[in-house]
Amino acid sequence: MLKYFTAGDSHGAALMGILEGFPAHVPISENRINQILARRQGGYGRGVRMQMEYDQVRLISGIWRGKSSGAPIGLLIHNKSMHDAASVPPRTVPRPGHADLAGAWKYGFEDDFNPIIERASARETAMRVAIGAICQMLLAECQIEVVGHVRQIGSIQAPKLNLPTDELRRLIMQSPVYCADPITSERMVQLVDNAQKTGDTLGGSFEVITFNTPPGLGSHVHYESRLDARLALHLMSIPSVKAVEIGEGVKGSQQPGSQMHDAILVDSGTVVRGSNRAGGIEGGISNGQPIVVRAYLKPIPTLRQPLPSVDLATGVRTPAPYIRSDVMVVPAAAVVGEAVVAFVIAQALLEKFGSDTLPEIQEHLKFYRNKMKNRFPS
Ligand SMILES: Cc1cc2nc3c(=O)[nH]c(=O)nc-3n(C[C@H](O)[C@H](O)[C@H](O)COP(=O)(O)O)c2cc1C
């Protein structure tokens with residue numbers, strides 16, 4: 001079973017990760033991981049912390065001559081912005097919308113909840129992006145592509161685009177907010193500028209599409225095996241994500257069934273679908289259509305015009321402190337979303353076609369894809 005662990009604090013020495021269950025002989029590029037890490041750090045609306053960090057991964061085990069060896073892959077990302085615990089003043093005024101208050105109570109840190117801030121910080125997502133990038137390298141060898149893009153920032157929403165993968169990627173790469181529609185991108189940038197000026201923050205949503213996914217990933221047989229449930233878990237675990245949607249789930253909930261479900265048709269001996277409102281998953285199993293998932297983020301909780309709070313040491317009403325902060329992180333979250341989806345798809349792919357080596361996985365997959373293509377030979 002493919003699984004991972006992360007450890008490390010926002011201002012500790014480093015973030016650490018272990019990816020276990022990864023097959024041998026997958027080409028792994030540290031440069032490519034670093035490029036994707038740079039995308040997480042970028043995106044319009046980020047704050048000064050991201051200008052201080054320049055994330056570089058070190059792969060310290062599980063790689064032999066540029067390819068995975070089958071052993072656990074150990075990863076390290078050093079923090080440039082480090083704190084010595086002795087020099088950090090205690091924090092006793094919790095910020096609304098953060099883990100500060102609930103974490104201080106839960107772990108008994110009412111006199112100083114710095115340890116809660118350190119681990120709850122989205123800095124941890126840098127390691128998840130690195131792990132997801134490695135999963136994307138396995139998927140690429142199986143001709144599966146995962147692409148994340150920003151759909152909405154505040155009240156501004158991009159129109160639906162039906163583009164081939166390369167074109168979608170090209171447009172996203174050109175946009176400061178990782179949105180594939182250039183006109184909407186400009187409007188989003190203006191909205192972020194306005195929020196910055198007024199000291200406010202924004203949320204939004206991103207979409208992740210998995211192209212060329214084979215049918216049969218995930219399973220209906222057990223609640224934990226369902227692919228939609230697994231995607232929702234991993235997307236919801238990204239800090240700030242408050243809702244997850246599979247396909248047209250939200251719109252579909254307001255429509256009659258005849259306008260939601262996707263007809264099953266046959267074309268040149270192959271079963272095809274009339275539409276993809278299910279987002280590529282039925283009964284917890286991928287159905288061969290692109291997998292489409294969306295995640296919705298609340299606005300950043302750290303505010304320059306702070307909300308009221310209470311000093312936990314004294315019980316005195318005190319405005320929440322402002323700690324340097326991003327104004328809007330939906331583009332960065334889309335990169336994290338792409339990573340976590342890549343992990344879930346890679347995990348499900350290995351369950352179905354799994355083996356110790358990449359060539360064996362590719363062989364199983366090729367056989368299965370061919371079988372699906374010529375279901376009704378003429
Ligand atoms: C990539 C990324 C960067 C973030 N940066 C900040 C930030 O600079 N300031 C902030 O207040 N929240 C930031 N957040 C959001 C908080 O981490 C998050 O809202 C907080 O930990 C509480 O978790 P919850 O929103 O899931 O309840 C960021 C989130 C992500 C995904």
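Pairwise Cα distances in the range 283-376 exceed 19 Å for 66 percent of all pairs.
Taking the Cβ of Gln143 as the center, what net charge do the other residues with Cβ under 12 Å away carry, scoring Lys and Arg +1 and Asp and Glu -1? Provide the component values of the computation, followed by the final result.
Working: positive: Lys366, Arg369; negative: Glu141, Glu145.
Here the charged neighbours net out to 0.
Measuring nothing but how far apart in sequence close Cα pairs (under 8 Å, 6+ apart) lie, relative to its length, the range 3-373 scores a relative contact order of 23 percent.
If you place +1 on the Cβ of every Lys and Arg and -1 on the Cβ of every Asp and Glu, how big does the dipole about the Cα centre of the range 3-373 come out, in debye to the nearest 20? Intermediate results must be reported in sequence, preceding the final value.
On the way: 38 positive and 35 negative charges, 78 e Å.
Using only the charged Cβ atoms, the result is roughly 380 debye.
Just name one of Ala130, Gly154, Met372: the one whose Cα is farthest towards the positive end of the charge dipole of the chain (beta-carbon charges, Lys/Arg +1, Asp/Glu -1). Farthest along the dipole direction, towards plus: Met372.
Just from its helices, what would the mean residue ellipticity at 222 nm be for the chain, if runs of 4 or more DSSP H residues each count -39500 (n - 2.57) and the sum is divided by every residue, rounded to the nearest 500 deg cm²/dmol? Each step should come with its number before you reach the end.
Values: 11 runs with 130 residues, N = 378.
Calculated at 222 nm, the ellipticity per residue is -10500 deg cm²/dmol.
Positive end of the dipole of the chain (Cβ unit charges, origin at the Cα centre): among Val189, Ser121, Phe343, the Cα lying farthest that way belongs to Val189. The slack between His83 and Glu20, meaning 0.36 nm per residue of separation minus the straight C-alpha distance, is 19.7 nm. Across q = 0.10 Å⁻¹, the range 76-208 modelled as identical point scatterers on its alpha-carbon atoms has Debye log10 I(q)/I(0) values of -0.54, in the order of the q list. Every Cα-Cα pair in the chain was counted, and those over 35 Å apart are 29% of them.
Going down the list Lys3/Lys298; Lys160/Lys298; Lys80/Lys197; Lys251/Lys298, which pairs span over 24 Å between their C-alpha atoms? Walk me through the intermediate numbers first.
Values: Lys3/Lys298 28 Å; Lys160/Lys298 22 Å; Lys80/Lys197 28 Å; Lys251/Lys298 20 Å.
As for pairs spanning more than 24 Å Cα to Cα, those are Lys3/Lys298; Lys80/Lys197.
Evaluate the charge dipole of the range 58-122 about its Cα centre and quote only its size in Debye, nearest 20, assuming +1 on the Cβ of each Lys and Arg and -1 on the Cβ of each Asp and Glu. Mind showing how you got there, number by number?
Working: 8 positive and 6 negative charges, 121 e Å.
That gives a dipole near 580 debye.
With the simple model of a label 7 Å out from the Cα in the direction of the Cβ, Glu351 to Ser275 spans 2.9 nm. Summarising the label geometry, the points placed 7 Å from Cα in the beta-carbon direction at His364 and Ile264 lie 2.5 nm from one another.
Exposed loop sites here are trypsin sites (Lys or Arg not before Pro) in DSSP loop states with at most 15 other C-beta atoms within 10 Å. What is the longest stretch of the chain lacking them? Spell out each step's value before the answer.
Values: sites that count: Arg65, Lys80, Lys160, Arg304, Arg324, Arg375.
Counting only loop sites that pass the neighbour cut-off, the longest clear stretch is 161-303.
Residues of the chain were split at every exposed loop site, defined as chymotrypsin sites (Phe, Trp or Tyr not before Pro) in a DSSP loop with at most 14 other C-beta atoms within 10 angstrom, and the longest piece left, sites excluded, is 55-321.
Computed from the coordinates by the stated procedures, all read-outs in this text should not be read as laboratory data. Computed from a prediction, not measured in an experiment: that's the story for all the values here. So basically every Cβ, Gly included, is an ideal-geometry build from the backbone, and we count neighbours across all protein chains shown.
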